[in-house]
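The values are calculated or read from the model by the stated rules, or taken from the named source; none is laboratory data. As the structure is a prediction and not an experimental result, all values here were calculated from the model. Cβ coordinates were reconstructed from backbone atoms using ideal geometry, including for glycine residues, and neighbour counts include every protein chain displayed. Accessible surface areas use protein heavy atoms only, side chains included; no ligands, DNA or RNA. Shrake-Rupley method; radii C 1.70, N 1.55, O 1.52, S 1.80 Å.
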Amino acid sequence: MTLHLHSKRFRLTLIFIAVLFCTGCPSYENTPNPQAEFGADADYFMGLRFLQEGKEKQARLKFTNCLNKGSYYCAKRSGEQLIQSGTMAEKDRACQILLSKFSDEETILEVCRYYSTCYKYTQVIDITNNIDYKTADNELCRLRLLSLKAQNSAHYLTDVFNWFILRPVSNEHFLFFADSFELPENIKDYTVKQFLIAFRMDLYEQNYALACEKAKTIFELFEKENIEPYEQIISDIGKAYLYGSDKNITNASNFSKYAKKYKGKPAEFYFWFYCGRFYDKEQKSYFSQAISSYESAIACTTSTKQKDNALWYLLQARINQSYSSTIKELKKYAQQWTDPTYFDDLFESLIPSILASGDFECFKNLYYQIKDFASKETVSKISYIYARLIQENFITVKDKTEIEQALQTSLKNAVNPYYKILSAYRLKYNDEQMKEVLLTFPQTQSITVNQDAEKLLKGYITFGFPDYVYPEWRKLYKEGISPETSMEISAFLNSIGKSDSQYLSLSLRVASNSTDYFTKPLSIENLKLIYPQNFADIVEKISDKYDIDSSIIYALIRGESFFDPMAESTAGAMGLTQLMQMTAQDIAAKFKKTDFNITDPETNVEFGTYYLTQLISRCNDSIILAFFSYNSGITRVRKWIQSTTVSNSRPNNVPQDLFLESIPYSETRGYGRKLISASLYYEWIYNYQNVERKPRSFEQIIETFLR
């Protein structure tokens, strides 16, 4: 990790420290004795400070001391800094010390990066001799291979082949192939290994027709050369034929033949799996063959991931044939899967299909078939919808207590805040019960706290290094960072964001990802980091101007850009409210503005707020329909309302939460859930809890958003 910061960044750091001091967050300046608190680790952070000031010699002394005496991560980072500065002899010595103290792959990669830049190929080869090309970091593999090539090593081609054949192709493979791997001009002169590598790269670049032609030759090689049917090669051959050939039945027949030939070997799974995929493309006539092939694939593998993958396609094929009959047998299949979350998207697409058909009774079977087997998210979703279908008399049951049971099941399993809030609301929870629900986030992952990792991150906070703390947190938060420490980091970044807005979205990312690890209810302060009122001066002013609850605008910005004013989508939407340039130009014309900057926070928020308020007005004052329209366009939303069976059943009184579940676009359904739950959280945190601003009950607030 290098540190070459401009004087502007140094000045900002001083401002950040002042902000931290004023906001009560820890900083170097208001810590009585950081050296005593951090011991030898303080030298790492002081070394960074010296580098900022251009005092390289003093920095190296500090880094050297921490490398020798510091805790695990601070010592490692000190060694990495020593590699980046000083004389070549000093850098070499730092590499030797670093490797003697740390043997992890991250350290080896850092040292190899340095050795590669100064052409010390022998050292790279020596420290990577035990590399496993199937599992090692791809960049590390590439650096080793470049060194082998530079040294004209006899192992070079064999090692290249192993790296390209034993694992999925990555961007590192592509870079190596494009820049460093040499092939004969004539394909007829390729060796078998070169041919297989070239085939894999054709597929990686989605040259399916060319890859399909090469795949035919590979099948011939299986016969003539008796080459091993590598799993990755068979998988790629399957993809090549799947996307590069329309002879599905012929391909299925050939793959079936090879599946039997390689019975008992790892390649058997892929032959049966793609045999199923080929038959699946001709499902009307070959449905039973597709199912049989998938079942053969499941039966021949011990890999849980492969089983779940084949089972997913088997279920999708059955659902496409007849979802009602599939639901009746769903429990049998559910008992076979290993990772229930792998099937979440299958249910996410199944639900609107059922609602669109009007076959509401299917939900009863669906609910009882999967409530003990599906993921918590899917169980919560289906349970809530089932309860609502009963409440709205789309489903008839003898015992109305099923409504409460289903809602309790939904609340108990709720991972998505949307279903958590609405289930509690439908259960008519009182204020105290609702407070407990809103403050509680389900723990979906557990950790064992790594004290050394936490010390590194807290040091960045205490000594005021915002540029370091987020990248380090990204690396380490799944390896032992407590949610409490993550919230400290979020608060630190949010405070700095008041002076430099680039840190606001980083703060929110840290806080949002930390909820998976909490074992106890969050505090209101925690929630304010997850649902922050960033750009408050702008949002409050614009909300007042357009007479809309600021909670809605905060939720819109949070959902669209995570409070990043420079955010830009792949479609070209820009700024805090993610406006398309054409939409912004139309609004500017109405405002008689000929010159505007779409990424300017105030301009963007005003344009986005105006656009949303217009949608609310055109959607009969429905906030949730306006949200859908903001995401997918009002014309499309109106067509959905007209076409869905739910709406046709209640043309003048559509239950909006059920309409949401019937929308055919998964993105829009998720968008609606996200913005509604965020709006409700903003209302509860900042308005409902404020005695001076409590104009209505929380139940009334929820009803307003679902109208």
Select from the stretch 32-136 those chymotrypsin sites (Phe, Trp or Tyr not before Pro) which occupy a DSSP coil region and have at most 13 other Cβ atoms within 10 Å, ordered by residue number.
Y119
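Could you state the accessible area per residue of the stretch 269-393 in Å², with a 1.4 Å probe and every protein chain left in place?
Working: 5060 Å² over 125 residues.
With the other protein chains kept in place, the stretch 269-393 gives 40 Å² per residue.
Per residue of the chain, what 222 nm ellipticity follows from adding -39500 (n - 2.57) for every DSSP H run with n ≥ 4, rounded to the nearest 500?
On the way: 40 runs with 481 residues, N = 707.
It lands at -21000 deg cm²/dmol.
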Do you know the relative contact order of the stretch 142-199, to the nearest whole percent, from alpha carbon pairs under 8 angstrom that are 6+ apart?
34
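Assuming 0.36 nm per residue, please report the length gained on full extension of the stretch L99 to D537 beyond their Cα-Cα distance. Each step should come with its number before you reach the end.
Working: separation 438, 0.36 × 438 = 157.68 nm, distance 5.14 nm.
Fully extending the segment from L99 to D537 adds 152.5 nm.
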I'd like the distance between the alpha-carbon centres of the stretch 272-344 and the stretch 404-461, rounded to an integer number of Å.
33
So who's got an amide H within less than 5 Å of the one on L579, skipping anything under 5 residues away but keeping other chains? H placed 1.01 Å off N, in plane.
M574
Dipole check, the stretch 537-669, charges on Cβ (K,R +1; D,E -1), about Cα centroid: among T570, I598, I616 the Cα furthest to the positive pole belongs to I616
With x for Gly and Pro, the residue-by-residue ³J(HN,Hα) of the stretch 373-386, computed from phi through the Karplus equation 6.51 cos²θ - 1.76 cosθ + 1.60 at θ = phi - 60° and given in whole Hz, is 10, 6, 5, 4, 4, 5, 4, 4, 5, 5, 5, 5, 5, 4
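Quick check: net charge around R388, other residues with Cβ under 9 Å of its Cβ, Lys/Arg +1 and Asp/Glu -1? Kindly include the intermediate steps, with their values, before the conclusion.
Working: positive: R426; negative: E392, D657, E661.
Taking every other residue near R388 into account, the sum is -2.
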Using a 1.4 angstrom probe on the protein heavy atoms only, line up I489, I447, I187 by accessible area, largest first.
I187, I447, I489
With all protein chains modelled, accessible area of W272 [1.4 Å, Å²]
40
Dividing the mean separation of Cα pairs under 8 Å (6+ apart) by the residue count of the chain yields a relative contact order in percent of 8
Which of the aspartates and glutamates could be linked to K257 by a straight reach, that is with a Cα gap under 12 Å, when you skip same-chain ones fewer than 8 residues away?
E268
Can you find, among Q433, A42, L529, the residue sitting farthest towards the positive end of the charge dipole of the chain, where Lys and Arg contribute +1 and Asp and Glu -1 at Cβ?
Q433
With a 1.4 Å probe and every protein chain left in place, tell me how much accessible area E479 has, in Å² to the nearest 10.
110
Residue-ordered couplings for the stretch 293-306, obtained by feeding phi - 60° into the Karplus form 6.51 cos²θ - 1.76 cosθ + 1.60 and rounding to whole Hz (Gly and Pro as x), are 5, 4, 5, 5, 5, 5, 6, 9, 10, 9, 6, 5, 5, 5
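Tell me the carbon and sulfur percent of the accessible area for the chain, rounded to whole percent, probe radius 1.4 Å. All intermediate terms of the calculation are to be shown ahead of the outcome.
Values: 15000 of 31910 Å².
The computed percentage sits at 47.
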Once you put a point 7 Å from the Cα of E402 and another 7 Å from the Cα of D359, both along the Cβ direction, what distance in nm separates them?
1.8
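What's the magnitude of the charge dipole for the chain around its Cα centre, counting Lys and Arg as +1 and Asp and Glu as -1 at the beta-carbon? Answer in Debye, nearest 20. Walk me through the numbers before you get to the answer.
On the way: 82 positive and 85 negative charges, 176 e Å.
For the chain, the charge dipole is close to 840 debye.
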S325-N597 FRET efficiency (beta carbon distance; Förster radius 60 Å; 0.05 resolution):
0.55
Averaged per residue, what accessible surface does the stretch 91-199 expose to a 1.4 Å probe, in Å²?
50
